[in-house]
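Engineer: Take this structure, written in structure tokens, and hold onto it; I'll ask about it next.
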Amino acid sequence: MQTSDQAIDAVERYSPAEERFNRRRRTVGLWLAPAVLLVLLALPMPLSVAGHRMAAIMGLVVVLWMTEALPMAVTAMLGPMLAVIFGVADARSALAPFADPIIFLFIGSFILAEAMFVHGVDRRIAFTALSSPLVGSSAIRVLVVYAAVATVLSMWISNTATTAMMFPIGLSIVNHLTRVAPRDEASRQSVRQFALGLLLLTSFGASVGGMATPVGTPPNLIGIGMLERIAHVRISFFQWMALGVPLVVLLFGFLVALFSSTARGLRVGEGSGDLVREELRRLGPLSQPERNVLVAFGVTVVLWIAPGLFTIGGWDETAFARGYATAMPEGIAAMVGAMLLFVLPVDWRTRRFTITWDQAVRIDWGIVLLYGGGLAIGGLAFSTGLADALGRGIAAWLPSHSSFVLTALFTATAIVLSEATSNTASANMIVPVAIAVAQAAGVRPVEPALGATLGASMGFMMPISTPPNAIVYSSGFIPITAMMRYGIALDVVAFVLIVAAVTLAGPLLF
């Protein structure tokens, strides 16, 4: 049985030139990071001793994250560890964020996603949608449904796992079209253009879809966690979806409009539909493990959105609703769903259940540690006064301190940074700065922090920007110039929509 990590490793490849660039970048980071640490320690700064040392540690961490000289999870653990060694904080307070309640939201949702992958629930959803009679032989409808499946799945499982799952399906469709297309150059060019649109929609749709829910992509939970821990602003699952889902719908509409020209005038033929239906037949009828996964997933989603439903119904002030909010926060709800997978039986006589522990531990623990380390470093920056000093310094430099200007600034910064480093590292670096600057400027920190959080999920221009980009680029159908051209367009539109959505809806929702 293939795991999600194995599927991702099987398709995520970089070109030789990109491998050389990454190797040089890592080498630079290994030398530059300790040099930055020592230089910042030696420079005089108008900070407390603890704040000065924390500034040096953060300098080292930022360099290591941007160059990926060390695995990012290792860097995330190194920061708090150095804070303890340098006397910035004691071990208990420095390491406490690794047990933050949102950590368990990560773990529970990752286990649910792994169960979906292990039992092929994601593939069944994809093949069922693509085999619909409504799709027919229209290339544009295939494109739209394919992109919709990638976008919806990535609301609940990682964008990288979604892309890894959808990628071979897309390649199968493209290979079929290549075999049946006429041999003239115009027909071959039409197929290549369709392949370009289909595969870029796999990557872009998965990255966009992750913005819809808190569990769709790690930056969302990083932003939520830092706002709650640092700014004492709590954002519920339902509140996030009230902002994220409309934003994703708008971006999805733009993606369809952007790539519809790549399918114009092309018909995929009945053979493509037959190919998808054959794959669906191979999966057979819905199995007991699949039913169990859907039950556990459905229960978890209901538990997540129940507080929002209470609010809509006007019951949020009842004793039951208040008791529910206390007893069933999002992290506990995610763990309830994950625990169901260990008790819903596949075969009771042999005591075989939906997921085993060996399967469950294959989740991406690196992201969990990266989140904990980022939260720890952000908290230490505030507790030592470093964030306040940094915020006041940046605020004094800015010509305007309005919420709109700060939101636009940090959204743009996060988008640009996410082109060069991972979206999770980008969120860890930008969100606490956004909160600090907003507080120093006397502005509510919610909107700038949300702009930075959502902006960190962008990064569409280069294969190295995100793992989904690297996966689809490995197909050979996507010239780097095309990825950059479409990626810039999506970055610009996403920037406008994120800033508009956050500044207009943020004060109403949060």
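The values are calculated or read from the model by the stated rules, or taken from the named source; none is laboratory data. Bear in mind the structure is a predicted one, so any value in this text is a computation, not a measurement. Don't worry about glycine lacking a Cβ; one is built from the backbone with ideal geometry, like all the others, and counts go over all protein chains shown. Accessible surface areas use protein heavy atoms only, side chains included; no ligands, DNA or RNA. Shrake-Rupley method; radii C 1.70, N 1.55, O 1.52, S 1.80 Å.
Engineer: So SER457 fits all but one of (1) surrounded by fewer than 23 Cβ atoms within 10 Å (Cβ to Cβ); (2) at pLDDT 85 or above; (3) in a loop (DSSP other than H, G, I, E, B); what number is the exception?
Structural biologist: (1)
Engineer: Right, next: Please identify the pairs in which a residue from region 298-320 that is touching a residue at least 12 places away in the same chain (Cβ under 8 Å) and in a helix (DSSP H, G or I) has its Cβ atom under 8 Å from the Cβ atom of a residue that is open to solvent by 30 Å² or more (accessible area, probe 1.4 Å) and of a type in the set (Gly, Ala, Ser), counting only partners at least 6 apart or on another chain.
Structural biologist: From region 298-320, the pairs are PRO307/ALA325; GLY308/ALA242.
Engineer: Testing SER137 on (1) modelled with pLDDT under 85; (2) of a type in the set (Gly, Ala, Ser); (3) buried (at least 24 other Cβ atoms within 10 Å of the Cβ), one condition comes back false. Which one is that?
Structural biologist: (3)
Engineer: Quick one: count up the residues across region 385-413 that are of a type in the set (S, T, N, Q) and surrounded by 23 or more Cβ atoms within 10 Å (Cβ to Cβ).
Structural biologist: Residues in region 385-413 being of a type in the set (S, T, N, Q) and surrounded by 23 or more Cβ atoms within 10 Å (Cβ to Cβ): 2 in total.
Engineer: Would you say PHE495 is open to solvent by 30 Å² or more (accessible area, probe 1.4 Å), outside any loop (DSSP other than H, G, I, E, B) and either under 19 Å from SER400 (Cβ atoms) or of a type outside the set (Val, Ile, Thr) (or both)?
Structural biologist: Yes.
Engineer: Let me ask another. If only one of MET155, MET116 is surrounded by fewer than 24 Cβ atoms within 10 Å (Cβ to Cβ), in contact with a helix residue (DSSP H, G or I) (Cβ under 6 Å, 6 or more places away or on another chain) and hydrophobic (A, V, I, L, M, F, W, C), which one is it? Before the answer, list the steps.
Structural biologist: On the way: MET116 fails: surrounded by fewer than 24 Cβ atoms within 10 Å (Cβ to Cβ).
Going through MET155, MET116 in turn, just one is surrounded by fewer than 24 Cβ atoms within 10 Å (Cβ to Cβ), in contact with a helix residue (DSSP H, G or I) (Cβ under 6 Å, 6 or more places away or on another chain) and hydrophobic (A, V, I, L, M, F, W, C): MET155.
Engineer: Of PRO468, PRO479, which residue is within 20 Å of THR163 (Cα to Cα) and either under 18 Å from the mean Cα position of the chain (by Cα) or charged (D, E, K, R) (or both)?
Structural biologist: PRO468
Engineer: Scan (1) open to solvent by less than 20 Å² (accessible area, probe 1.4 Å); (2) under 17 Å from the mean Cα position of the chain (by Cα); (3) touching a residue at least 60 places away in the same chain (Cβ under 8 Å) for the single condition VAL142 breaks and write down its number.
Structural biologist: With respect to (1) open to solvent by less than 20 Å² (accessible area, probe 1.4 Å); (2) under 17 Å from the mean Cα position of the chain (by Cα); (3) touching a residue at least 60 places away in the same chain (Cβ under 8 Å), VAL142 is out only on (2).
Engineer: Which one is least open to solvent (accessible area, probe 1.4 Å), of the residues in region 80-96 that are among the β-branched types (Val, Ile, Thr) and either in contact with a Gly (Cβ under 7 Å, 6 or more places away or on another chain) or assigned to a helix (DSSP H, G or I) (or both)?
Structural biologist: Going through region 80-96, the residues among the β-branched types (Val, Ile, Thr) turn out to be 84-85, 88.
Still in the list and also either in contact with a Gly (Cβ under 7 Å, 6 or more places away or on another chain) or assigned to a helix (DSSP H, G or I) (or both): 84-85.
Details: VAL84: 52, ILE85: 113 Å².
That would be VAL84.
Engineer: Follow-up. Could you tell me whether any residue of region 122-132 is outside any helix (DSSP H, G or I), touching a residue at least 40 places away in the same chain (Cβ under 8 Å) and buried (at least 24 other Cβ atoms within 10 Å of the Cβ)?
Structural biologist: No, because not a single residue in region 122-132 is outside any helix (DSSP H, G or I), touching a residue at least 40 places away in the same chain (Cβ under 8 Å) and buried (at least 24 other Cβ atoms within 10 Å of the Cβ).
Engineer: I've got another one for you. From the residues in region 249-275 that are open to solvent by less than 10 Å² (accessible area, probe 1.4 Å) and at pLDDT 85 or above, which one is nearest to THR407 (Cα to Cα)?
Structural biologist: So, considering only residues that are open to solvent by less than 10 Å² (accessible area, probe 1.4 Å) and at pLDDT 85 or above, the one nearest to THR407 (Cα to Cα) is LEU251.
Engineer: ILE103 fails exactly one of the following numbered conditions: (1) surrounded by fewer than 22 Cβ atoms within 10 Å (Cβ to Cβ); (2) under 30 Å from LEU41 (Cα atoms); (3) within 20 Å of the chain's Cα centre (by Cα). What is the number of that condition?
Structural biologist: (2)
Engineer: Would you mind finding the one in GLY337, GLY308 that is open to solvent by less than 60 Å² (accessible area, probe 1.4 Å) and at pLDDT 90 or above?
Structural biologist: Numbers: GLY308 fails: at pLDDT 90 or above.
The unique qualifying residue is GLY337.
Engineer: May I pose another question? Mind listing whichever residues of region 68-79 are within 13 Å of LEU32 (Cβ to Cβ) and open to solvent by 20 Å² or more (accessible area, probe 1.4 Å)?
Structural biologist: Those that are within 13 Å of LEU32 (Cβ to Cβ) and open to solvent by 20 Å² or more (accessible area, probe 1.4 Å): GLU68, LEU70.
Engineer: Please enumerate the residues belonging to region 368-409 that are of a type in the set (Ser, Thr, Tyr) and either in contact with a Phe, Trp or Tyr (Cβ under 9 Å, 6 or more places away or on another chain) or in a loop (DSSP other than H, G, I, E, B) (or both). Don't jump to the end; show me each part of the working.
Structural biologist: So the first thing to find is which residues in region 368-409 are of a type in the set (Ser, Thr, Tyr), and the list is 371, 383-384, 400, 402-403, 407.
Once the filter is applied, which keeps residues that are of a type in the set (Ser, Thr, Tyr) and either in contact with a Phe, Trp or Tyr (Cβ under 9 Å, 6 or more places away or on another chain) or in a loop (DSSP other than H, G, I, E, B) (or both), region 368-409 yields TYR371, THR384, SER400, SER402.
Engineer: Can you tell me how many residues in region 30-47 are at pLDDT below 90 and surrounded by 13 or more Cβ atoms within 10 Å (Cβ to Cβ)?
Structural biologist: The qualifying residues number 2.
Engineer: Since MET462 meets every condition but one in (1) over 14 Å from LEU201 (Cα atoms); (2) open to solvent by 10 Å² or more (accessible area, probe 1.4 Å); (3) of a type outside the set (Val, Ile, Thr); (4) over 19 Å from the mean Cα position of the chain (by Cα), which condition does it not meet?
Structural biologist: Single failed check for MET462: (4).
Engineer: Does GLY205 meet the test of being under 23 Å from MET328 (Cα atoms), assigned to a helix (DSSP H, G or I), under 14 Å from the mean Cα position of the chain (by Cα) and not basic (Lys, Arg)?
Structural biologist: Working: under 23 Å from MET328 (Cα atoms): no; assigned to a helix (DSSP H, G or I): yes; under 14 Å from the mean Cα position of the chain (by Cα): yes; not basic (Lys, Arg): yes.
Answer is no for this residue.
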